[in-house]
Amino acid sequence: MRIAVFGDIHGNLPALRAALADMRAQGAEAFVCLGDVAMDGAWPRECVAEVAALGCPVVRGNADREMLEAPRPFTPRGLPDEREGWEIGNWGREQLTDGDRDVLRTYRPTVSLPDLLCFHGSPERDNEELAAGTPEDRLEELRATHGQQAAWVGGHTHKPLLRTLDGWTLLNPGSVGLPFERRSGGYVNLARAEYLLIDRAGGGWQVTFRAVPYDVEEVRRGLLASGMPHAAWAAGDWVAE
């Protein structure tokens with residue numbers, strides 16, 4: 001069984017379609033989505049529909065949860081461009097129909113497959129970051145509560161991860177729709193759709209990371225035509241490799 005695991009789409013339809021085309025070309029037989037499907041991009045409704053059409057299990061990410069909650073007042077935290085991001089998030093929330101929100105309500109806190117646990121941030125919190133530097137004590141605390149599967153796969157950080165621990169593996173596929181890098185003192189979004197292929201092999205899991213390039217101009221055009229606030233600012237953050 002070859003499983004494609006992907007997430008952090010963030011309303012980026014060109015990236016999602018590029019990733020799905022590559023998954024099928026690579027022979028994926030099943031799919032799991034790790035959430036954060038709609039918020040922050042030019043195509044929130046389209047991404048909800050595209051993922052729903054797969055009929056696959058979907059984890060509820062923190063951004064999916066926030067799309068179902070009432071907008072919160074803007075509270076500065078001292079981060080760059082935070083008001084712009086807050087207003088774009090509110091715009092994305094307003095694009096969803098009642099039917100779209102019903103789809104988001106079907107997303108699960110975790111998805112458990114034989115010897116594989118999938119979640120967004122962590123099995124406990126959708127906004128917790130599990131990364132290369134997460135203390136092993138914290139990981140073992142989570143495993144004691146949430147399961148001893150041989151492989152755990154989470155999202156949220158937008159950074160690919162393969163971390164081998166004592167008898168198990170912690171994975172992150174990266175981000176389909178919003179991978180980013182720090183360059184020249186700021187951040188840019190890269191037009192590459194990241195995901196993970198997992199194969200059963202010898203009683204364990206064999207892992208393949210994929211990064212699929214696509215047309216950055218399609219994303220820029222979509223942002224500028226979307227009607228979202230700060231579209232030109234958002235489009236300026238996108239670069240090819």
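Points to keep in mind about this one:
- Here's how it looks for Ala38: its modeled amide H is under 5 Å from those of His10, Gly11, which are all 5 or more places away or on a different chain.
- Computed accessible area, Tyr187, all protein chains, 1.4 angstrom probe, square angstrom: 120
- Heavy atoms of the protein chains alone define the surface here; on that basis the stretch 109-241 has 46 Å² accessible area per residue at 1.4 Å probe size.
- Spin-label pair Arg108/Leu165, simplified geometry with 7 Å Cα→Cβ offset, distance in nm: 2.1
- In this rough spin-label picture, where each label sits 7 Å from Cα along the Cβ direction, the Glu82-Ala225 distance is 3.5 nm.
- Fraction of the pair-distance distribution of the stretch 157-241 above 23 Å, Cα-Cα pairs, percent: 37
- Per-residue ³J(HN,Hα) for the stretch 71-76, Karplus 6.51 cos²θ - 1.76 cosθ + 1.60, θ = phi - 60°, Hz, x for Gly and Pro: x, 9, x, 5, 10, x
- Ligands, DNA and RNA left out, the 1.4 Å accessible surface of the stretch 1-153 is 48% carbon and sulfur atoms.
- Per residue of the chain, the DSSP helices (runs of n ≥ 4 H) give a summed -39500 (n - 2.57) that works out to -9500 deg cm²/dmol at 222 nm.
- Over the stretch 157-241, Cα pairs under 8 Å with separation of 6+ residues give a relative contact order of 22 percent.
- About its Cα centre, the chain has a charge dipole of approximately 220 debye under the convention of +1 per Lys or Arg Cβ and -1 per Asp or Glu Cβ, with nothing else charged.
- In plain terms, if you count all Cα to Cα distances in the chain and split them into 10 Å steps from zero, the share in each step is 8, 33, 37, 19, 4, 0 percent.
- Glu128 long-range amide H proximity, modeled H, under 5 Å: Gly121, Ser122
- Debye, to nearest 20: dipole size of the stretch 118-222, +1 on Lys, Arg Cβ, -1 on Asp, Glu Cβ: 360
- Cβ-Cβ FRET estimate between Trp233 and Asp137, R0 fixed at 45 Å, reported to 0.05: 0.65
The values are calculated or read from the model by the stated rules, or taken from the named source; none is laboratory data. Predicted, not measured: the structure shown is a model, and the values here were computed from it. Because the Cβ atoms are built from the backbone with ideal geometry, glycine has one as well, and the counts that use them run over all protein chains shown. Side chains included, ligands, DNA and RNA excluded: accessible areas come from the protein's heavy atoms. Shrake-Rupley method; radii C 1.70, N 1.55, O 1.52, S 1.80 Å.
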